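Step one of this worksheet: look at the structure below.
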Amino acid sequence: MSRFSQILLSFLTPILLCTSVVYAQDTAADEATGNSWIQERIGKLDGLFGDTVELMAGILFADFGTGMPVIVAVLLLGGIYYSFYFGWLSLRGLKHSIDIIRGCYDDPDDPGEISHFKALTSALSATIGLGNIASVAVAMGTGGPGALFWMVLTAFFGMASKLASCTLAVMYREIHPDGRVSGGPMYYLEKGLGAKGLRPLGRTLAVLFALL
């Protein structure tokens, strides 16, 4: 390398390094600004959803002087109504449900990837959690041993409500071309009420359920 090239390189190297440092600082500043903007929007959106859920919770857990929150009355009365509507299927279908779990109706040629028993255990594993265990202890510690009776009674009537919910979820679910299945209250609220000419109400309830 000639002496002129060495001098030129020694002169340009600091300039290039300073330029890269300035560029890196500008890029980091831009990223920080972008992240700050995103965090600000997420914070506003979270605040909006939080206020909406707080408003809904205030309505659902209000007792209006009756001593019973609205959500408890709806769940209990709804369960009683469905129990009568289905002819006490929670009792009449108990043996049939046990036979299904035992595999009496399993057929290797049926479509699907898992058995009825595996479907049940998968559903239970996704449903039962810390809240189901801790809430029982909290209820009994707050309301005394008598709370256990009311929990069992509510669970008994709740079986009919769960039957209605699961049946609607299967009726109005969507099966995608790749085999994936989408369903749940967000779907059957919109589609089920839409079939009755109440699609706007169904969409509103679906959004509210998704928020809760």
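The values are calculated or read from the model by the stated rules, or taken from the named source; none is laboratory data. All figures in this text were calculated on a predicted structure; none of them were measured in a lab. Don't worry about glycine lacking a Cβ; one is built from the backbone with ideal geometry, like all the others, and counts go over all protein chains shown.
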inquiry  = Given the criteria at pLDDT 80 or above and under 28 Å from VAL207 (Cβ atoms), does ALA164 qualify?
reply    = yes
note = Note on the range 29-62: residues modelled with pLDDT of 80 or more and assigned to a loop (DSSP other than H, G, I, E, B) are ALA62
inquiry  = Checking MET140 against (1) touching a helix residue (DSSP H, G or I) at 6+ places or on another chain (Cβ under 7 Å); (2) closer than 27 Å to LEU89 by Cα: exactly one of these is not met. Which one?
reply    = (2)
request  = Within the range 163-193, track down each residue that is under 16 Å from the mean Cα position of the chain (by Cα), free of Cβ contacts under 8 Å to residues at least 12 places away in the same chain and under 26 Å from ALA73 (Cα atoms).
outcome  = CYS166
query = Only one of GLY65, GLY131, GLY141 is in a helix (DSSP H, G or I) and closer than 29 Å to THR204 by Cβ; which?
reply = GLY131
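Every residue, every condition in (1) aliphatic (A, V, I, L, M); (2) loosely packed, with under 11 Cβ neighbours inside 10 Å; (3) in the same structural domain as MET151 (by TED's automatic domain parsing), yes or no:
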residue: TYR81; (1), (2), (3): no, no, yes
residue: LEU89; (1), (2), (3): yes, no, yes
residue: ILE101; (1), (2), (3): yes, no, yes
residue: ASP107; (1), (2), (3): no, yes, yes
residue: GLY112; (1), (2), (3): no, yes, yes
residue: PHE117; (1), (2), (3): no, no, yes
residue: THR121; (1), (2), (3): no, no, yes
request  = Considering only residues that are exposed (fewer than 15 other Cβ atoms within 10 Å of the Cβ) and without any contact (Cβ under 8 Å) to a residue 40 or more places away in the chain, look in the range 200-212 and name the one that is farthest from ILE71 (Cα to Cα).
outcome  = PRO200
request  = Evaluate the following for LYS196: is it without any contact (Cβ under 8 Å) to a residue 24 or more places away in the chain and exposed (fewer than 14 other Cβ atoms within 10 Å of the Cβ)?
outcome  = yes
message = Suppose the filter is modelled with pLDDT of 85 or more, in the same structural domain as PHE84 (by TED's automatic domain parsing) and out of contact with any helix residue (DSSP H, G or I) (no Cβ under 6 Å at 6 or more places or on another chain); does MET159 pass it?
response = no
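Residue by residue, here is whether (1) modelled with pLDDT of 85 or more; (2) farther than 29 Å from VAL181 by Cβ holds:
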{"site": "MET68", "(1), (2)": "no, yes"}
{"site": "ALA73", "(1), (2)": "yes, yes"}
{"site": "LEU91", "(1), (2)": "yes, yes"}
{"site": "ASP110", "(1), (2)": "no, no"}
ask   = Looking at (1) assigned to a helix (DSSP H, G or I); (2) under 16 Å from ALA160 (Cβ atoms); (3) free of Cβ contacts under 8 Å to residues at least 24 places away in the same chain, which is the one condition that is false for SER83?
value = (3)
Hits in the range 169-193 - residues which are surrounded by 15 or more Cβ atoms within 10 Å (Cβ to Cβ) and under 19 Å from LEU124 (Cα atoms) = ALA169, GLY183, GLY184, PRO185
